[in-house]
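These notes concern the structure reproduced below.
The values are calculated or read from the model by the stated rules, or taken from the named source; none is laboratory data. Bear in mind that the values here come from a model prediction, so they are computed numbers and not experimental data. Neighbour counts run over all protein chains shown; Cβ positions are idealised from the backbone, glycine included. Only protein heavy atoms, including side chains, enter the accessible area calculation; ligands, DNA and RNA are left aside. Shrake-Rupley method; radii C 1.70, N 1.55, O 1.52, S 1.80 Å.
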Amino acid sequence: MAGLLSLDGVTKSFGGVTAVKGLSLSVDEGEIVGIIGPNGAGKTTVFNLIAGIYKPNAGRIIFQGTLINGKNPFQICKLGIARTFQTVRPFPKMTAIDNVIVGALFGRARISSPSSSREYCEKILQVVGLYQKRDRLARELTLAEQRKLELARALATRPQLLMLDELMAGLTSAEISEELEIIRMLRAEHKITVMLIEHVMRAVMQICERVIVLDHGVRIAEGTPAQIASDPLVIKAYMGERIKTGNKPEETTSADQESEASES
Ligand SMILES: Nc1ncnc2c1ncn2[C@@H]1O[C@H](COP(=O)(O)OP(=O)(O)O)[C@@H](O)[C@H]1O
Ligand SMILES: [Mg+2]
């Protein structure tokens, strides 16, 4: 499979803090790649760099052969990269469908007016299982529904690469299973490549073919979920946070929810 995205020696500092240090990685078309690591490891910063929210201090980011560092978020979105945010941020007083329409107008879908995009956005709400709630105000939706709305907004831009930042945090085990189903379907039916930052290890273990582990802005490990789960460096980085293998899914959610609550 062809390389879709690559980072080559990417560094990003904020004042005295180097959030990402000389990071190189690549993602092939059609992959589902997990990015894990302790809080503050630099995971979200990697997404922000790829999405053009921050510009790297050094290094190169190449998407489909095009150097994208230096491009703004709007240009990068038009090239086919979309992301969700760790903290849900729909427009609370707009309906679900209107939130998605805003996403569609922003992205590379060939849609120029809100009226022509309504039908298109209804289909996307069907894809994520929110069609029945399309006329609800975003603020009336549950957390799981708001996450789906966030996903729908990203999808409305017709991404080739979708970056999900802790999409599953705080969700129940059943809701996580639903999200995993949606991600599988997006790859199978819509040929979308997925990068996901996730603390819910069951989700990472079940869905990722490859996992990249960051700690203090550096890649400390990379491999299959099984390789990662038994890597001493990874276990050390988490300092006692248990890496779960997904054998006992019912044990995974509550601790993961707590780790999310203390973040962002
Ligand atoms: N906009 C910012 N300004 C200053 N420091 C930041 C900013 N964004 C991230 N950081 C710092 O960079 C480091 C990595 O943060 P982040 O990428 O959010 O980590 P993660 O998503 O892995 O928890 C942290 O030390 C964080 O405080
Ligand atoms: Mg983060």
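Observations, loosely collected:
- A169 falls short on exactly one of the conditions (1) surrounded by fewer than 20 Cβ atoms within 10 Å (Cβ to Cβ); (2) over 23 Å from F106 (Cβ atoms), and that condition is (1).
- All of (1) touching a residue at least 24 places away in the same chain (Cβ under 8 Å); (2) assigned to a helix (DSSP H, G or I); (3) not small (G, A, S) hold for L105 with one exception: (1).
- Candidates I53, I35 - the one that is in contact (Cβ under 8 Å) with a residue 60 or more places away in the chain and either closer than 14 Å to V213 by Cα or not charged (D, E, K, R) (or both): I35
- Residue that is modelled with the lowest pLDDT, among those in region 20-78 that are away from ligand 2 (no atom under 16 Å from the Cβ) and at positive phi: G70
- First in region 194-211 and within 16 Å of ligand 2 (Cβ to nearest atom), second anywhere and among the aromatic types (F, W, Y) and modelled with pLDDT of 95 or more, Cβ under 7 Å, 6 or more apart: I197/F47
- Every residue from region 133-172 that is in contact (Cβ under 8 Å) with a residue 60 or more places away in the chain, within 24 Å of K78 (Cβ to Cβ) and not in a helix (DSSP H, G or I): T157, R158, P159, Q160, L161, L162, M163, L164, D165, L167
- Selected residue (only one of E179, E175 is assigned to a helix (DSSP H, G or I), free of Cβ contacts under 8 Å to residues at least 40 places away in the same chain and more than 14 Å from the chain's Cα centre (by Cα)): E175
- Among the residues making up region 14-53, those that are open to solvent by 10 Å² or more (accessible area, probe 1.4 Å), part of a strand (DSSP E or B) and near ligand 1 (Cβ under 9 Å from one of its atoms) are F14, V17, T18, A19.
- When L214, L180, L186 are checked against the criterion of being buried (at least 22 other Cβ atoms within 10 Å of the Cβ) and modelled with pLDDT of 95 or more, L214 stands alone in meeting it.
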